[in-house]
Amino acid sequence: MLLVLRNSWPLFLGVMLLMLGNGLQGTLLGIRGSIEGFSPNTMAWVMAGYFVGFLFGSRMAPEMIRRVGHVRVFAALASFVSACLLLYAAIPNVVAWFLLRVMIGFCFSGVYVVAESWLNDSATNETRGQTLSLYLIVQMVGIVTAQGILNFGDPSGYTLFIISSVLVSVSFAPILLSISPAPMFQATKPMSFKRLYISSPTAVVGTFLLGAIFAALFGMASVFGTEKGLDVKTITIFVASIYVGGMLLQYPIGWISDHMDRRKLIMMLTIFATVSMFVGKLFTDNTYILLVLGFIIGGIANPLYSLYIAYMNDYLDHDDMASASGGLIFINGLGAVGGPFLVGWMMTEFGADSFFIYLGVLFGLSALWALLRSTRREAPSVEDTASYAPVAMSSTAVAVELAAEVAIDMAEEAEAESDNRDA
């Protein structure tokens, strides 16, 4: 991993700065919305804008890159992000914020596609897995660090929005100055919804529900904190605990998934999360329990995304894995668009703690669906399953295709070792 970092540190530094800016604006906007007097239902519209833009951006960015190239797309979209971040504080209006969030979601989608394309191009067959792991760590560390920056400014002022804008602007330099030739871009066409569902109903429905969960975590966690009456420091620690959990539990859960029935693991994780949300909801006035809940949510939701992708791959040929992953990303995005509306309405009507009721219900539905599917079709044997490759829910199809390549490489290595033992 040190070799990967040494060869591609400017790219990882740029991604880190991008995640700092994006992680900062997500939490900051939720806090600022409360200061401006916006209800959770109103903020839900604002937060959903990001996922609307990201969904459209994931479809349009590849065509933009093919037409004008990586460098122009990256510079143009990142410049728009930087400008939009400054306009939040200048125009504290719901409609304006929604449109700005749509624009930021669209632009970040394209920026991530470009950055991940360069990342993929810089990886070799030997370093592909390490590159993907380091990329995931950089993403998580960037978002967690962004929460700490929030404590050094006043959310009601301009400073934090300016810092977020500067971080995104500065991220251009290490990426653009370190990359010489632009990589060849070749987007894989997503698999049809019908074929996806036939391949694995568990993965399709689970990924959709997980998108709604992710939208609540990324967009509405800080809104929950303000409605709960928490101070800025506690809110930032709570949001950080979600991503710390996702970073620390991603690899242990991934290792376990390669050694047992993945569908059983999905049921175990979602049942545990469901019980934790409903029981924990009774004790959210205790800050320590709140942080434990955040750790559990992130520690289960983030690995679950990679787990669903790996479970889908268990039923596919190697050639179909990348296109299936692209389809799952789009389904996840559809769930993310609708998620904020429901959780925002629940918090407005039933109070801040309904945030955990919302999460508990979605985790519970995921568990019930996996249980139902276990009665309809037997899971493949552990020896025949694809390998687990970690990927963040904020990643685009490029990173997920890289994860699919890692999974294929690991599966082929395992098959070769098995053949050697038999021989």
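How do 218-224, 372-378, 166-172 rank on mean C-beta neighbours within 10 Å, highest first?
218-224, 166-172, 372-378
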*How do the peptides 331-342, 76-87 rank, highest first, by the average count of neighbouring beta carbon atoms within 10 Å per residue?*
331-342, 76-87
*Assign one of three labels to the range 1-81, namely rounded, prolate or oblate, based on the Cα gyration tensor with a ≥ b ≥ c the square roots of its eigenvalues; rounded applies when a/c is under 1.5, prolate when it is not and a/b is larger than b/c, and oblate otherwise.*
oblate
*Tell me, what ³J(HN,Hα) does each residue in the range 25-34 have, in order and in whole Hz, if you take phi through Karplus 6.51 cos²θ - 1.76 cosθ + 1.60 with θ = phi - 60° and put x for Gly and Pro?*
5, x, 6, 4, 5, x, 6, 5, x, 5
_Can you list residues from other chains, or at least 5 along the same chain, whose modelled amide H is less than 5 Å from the amide H of Ser387?_
Ala411
*In the range 27-133, which GluC sites (Glu not before Pro) fall in coil by DSSP and have 15 or fewer other Cβ atoms within 10 Å?*
Glu36, Glu126
*Percent of accessible area on the range 233-296 owned by carbon and sulfur, 1.4 Å probe?*
77 percent
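The values are calculated or read from the model by the stated rules, or taken from the named source; none is laboratory data. None of the values given here were measured: they were computed from a predicted structure. Backbone-built Cβ (ideal geometry, glycine too); neighbour counts: all protein chains shown. Keep in mind that these areas ignore ligands, DNA and RNA; they rest on the heavy atoms of the full protein, side chains included. Shrake-Rupley method; radii C 1.70, N 1.55, O 1.52, S 1.80 Å.
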